[in-house]
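J.: Let me begin by handing over the structure; questions about it come next.
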Amino acid sequence: MDEQILRNLLTLESEKSIGKVQIFDEIDSTNSESLRQIQSGNIENRVVVASSQTAGRGRRGRQWLSPKNAGIYLSLTRRFSMEANALQALSLVTAISVVEALYQLGAQGLQLKWPNDVLFEKKKLAGILLELQHKENSRFVVFGIGVNIELSADLLDSIDRPVTDLDSIMNEPPSRVILLAALLNQLCRNLEKYEGSGFSSFEERWNGLDCYRMNDIEIQNGISRLIGKSLGVDSDGSLLLQTPKGIQLINGGEVFPSLYPLSE
Ligand code: BTN
């Protein structure tokens, strides 16, 4: 991938805010590299992108398989002045940005699963891993984004969850550089908006895209399980769960469709 081609596709706004761009053919993990850069005192905003990752990381300690050119493997580092608890809403904003970027490029029918999975027909198309790092009295957020572009049949078989790729859902998937630029442009635009007015301006957008809203779900968090009806998110990005004990605010865990519907 050519940095100049990428820069030519960026809006003025994102060109100003992304800072350094580092392009790797292969790396362990773009998130790990971004964290290492912060640790070594290189604290300017930065984009790290790789054609392949040998130790791509997903949420909850899972691995993110990242063969060469089969997807976008991207990390954006930005300094933030907000509290650490704003991170959850940031990850929702990132997921919305991924959907909006893909819509601009012609994808259709995408949905979100709280807190930040991008799905097509309940199959995972993109994943997001946000990591927070403190250095020199500042907070830095690494926005890690993985989008499946073209996964081989072998890879699809090796993943124990339903996954899909752009090649299966679009007539002509965009090139990696066009997709990368669209993701960065949309993310930078939405982060500016979020810094100005918080999550409330994204609440309706999220709820319109949430595939489990008004459905019975189960939230798994470690060994705890909660079953209820999802009411979507509130203006902070917390998930609202209608349970027999009333509405509970959920701030962590993983959502699954409930195997035992409540409403029958
Ligand atoms: C998930 O589990 O859904 C999150 C997956 C995040 C994967 C991306 S790929 C680029 C960045 N580098 C990583 O090691 N992980 C994230």
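J.: Identify, please: which residue in segment 151-177 is within 15 Å of the ligand (Cβ to nearest atom) and in contact with a Gly (Cβ under 8 Å, 6 or more places away or on another chain) and is, among those, farthest from L76 (Cα to Cα)?
T.: L151
J.: May I pose another question? Quick one: in segment 45-76, which of the residues that are closer than 13 Å to V142 by Cβ and more than 16 Å from the chain's Cα centre (by Cα) is nearest to the ligand (Cβ to nearest atom)?
T.: If we take residues in segment 45-76 being closer than 13 Å to V142 by Cβ and more than 16 Å from the chain's Cα centre (by Cα), then R46 is nearest to the ligand (Cβ to nearest atom).
J.: Enumerate the pairs (first residue in segment 127-138 and under 16 Å from S40 (Cα atoms); second residue anywhere and near the ligand (Cβ under 9 Å from one of its atoms) and assigned to a strand (DSSP E or B)) with beta-carbon separation below 9 Å, excluding pairs fewer than 6 apart on the same chain, so at least 6 apart or on different chains.
T.: Close Cβ pairs satisfying both conditions: L132/V142; Q133/V142.
J.: If you don't mind, another one. If D216 meets every condition in (1) out of contact with any Asp or Glu (no Cβ under 7 Å at 6 or more places or on another chain); (2) loosely packed, with under 13 Cβ neighbours inside 10 Å; (3) not β-branched (V, I, T) apart from one, which number is that one?
T.: Exception for D216: condition (2).
J.: For the list (1) surrounded by 14 or more Cβ atoms within 10 Å (Cβ to Cβ); (2) outside the structural domain of G61 (by TED's automatic domain parsing); (3) not hydrophobic (A, V, I, L, M, F, W, C), I need the number of the one condition that R225 fails.
T.: For R225, the failing item is (1).
J.: Give all pairs with beta carbons closer than 7 Å in which a residue from segment 38-51 that is in the same structural domain as E15 (by TED's automatic domain parsing) meets a residue that is assigned to a strand (DSSP E or B) and β-branched (V, I, T); count only pairs at least 6 apart in sequence or on separate chains.
T.: Pairs that qualify, where the first residue is in the same structural domain as E15 (by TED's automatic domain parsing) and the partner is assigned to a strand (DSSP E or B) and β-branched (V, I, T), are I38/T77; N45/T77; R46/T77; V47/V21; V49/I23; A50/I27.
J.: Hey, any hits in segment 77-100 for a residue that's touching a strand residue (DSSP E or B) at 6+ places or on another chain (Cβ under 8 Å), in a loop (DSSP other than H, G, I, E, B), more than 28 Å from E44 (Cβ to Cβ) and within 16 Å of the ligand (Cβ to nearest atom)?
T.: Restricting attention to segment 77-100, the residues satisfying the condition of being touching a strand residue (DSSP E or B) at 6+ places or on another chain (Cβ under 8 Å) are 77-82, 84, 86-87, 90-92, 94-96, 98-99.
Then drop every residue that is not in a loop (DSSP other than H, G, I, E, B), which leaves 81-82.
From what is left, the residues that are more than 28 Å from E44 (Cβ to Cβ) are none.
There is no residue in segment 77-100 that is touching a strand residue (DSSP E or B) at 6+ places or on another chain (Cβ under 8 Å), in a loop (DSSP other than H, G, I, E, B), more than 28 Å from E44 (Cβ to Cβ) and within 16 Å of the ligand (Cβ to nearest atom).
J.: Something else now. Only one of these is part of a helix (DSSP H, G or I) and free of Cβ contacts under 8 Å to residues at least 40 places away in the same chain: N185, N190, N207. Name it. Even if it seems obvious, please write down each step before you answer.
T.: Details: N185 fails: free of Cβ contacts under 8 Å to residues at least 40 places away in the same chain; N190 fails: free of Cβ contacts under 8 Å to residues at least 40 places away in the same chain.
Step by step, each of N185, N190, N207 is checked, and only N207 is part of a helix (DSSP H, G or I) and free of Cβ contacts under 8 Å to residues at least 40 places away in the same chain.
J.: Okay, next question. Which of the following residues is farther than 19 Å from G237 by Cβ, part of a loop (DSSP other than H, G, I, E, B), at pLDDT 95 or above and away from the ligand (no atom under 11 Å from the Cβ): Q22, Q108? Let's see the steps before the verdict.
T.: Working: Q22 fails: part of a loop (DSSP other than H, G, I, E, B).
After ruling out the rest, the residue left standing is Q108.
J.: In segment 67-109, what residues are surrounded by 18 or more Cβ atoms within 10 Å (Cβ to Cβ) and of a type outside the set (A, V, I, L, M, F, W, C)?
T.: Selection gives G71, Y73, S75, T77, R78, Q88, S91, T94, S97, E100.
J.: From the list D160, D167, exactly one residue is in the same structural domain as S14 (by TED's automatic domain parsing) and in contact with a Pro (Cβ under 7 Å, 6 or more places away or on another chain). Which is it? Step through it out loud before you land on a result.
T.: Values: D160 fails: in contact with a Pro (Cβ under 7 Å, 6 or more places away or on another chain).
From the options D160, D167, the qualifying one is D167.
The values are calculated or read from the model by the stated rules, or taken from the named source; none is laboratory data. Nothing here was measured: the structure is a model prediction, and the numbers come from that model. All Cβ positions, glycine included, derive from the backbone under ideal geometry; neighbour counts span all protein chains shown.
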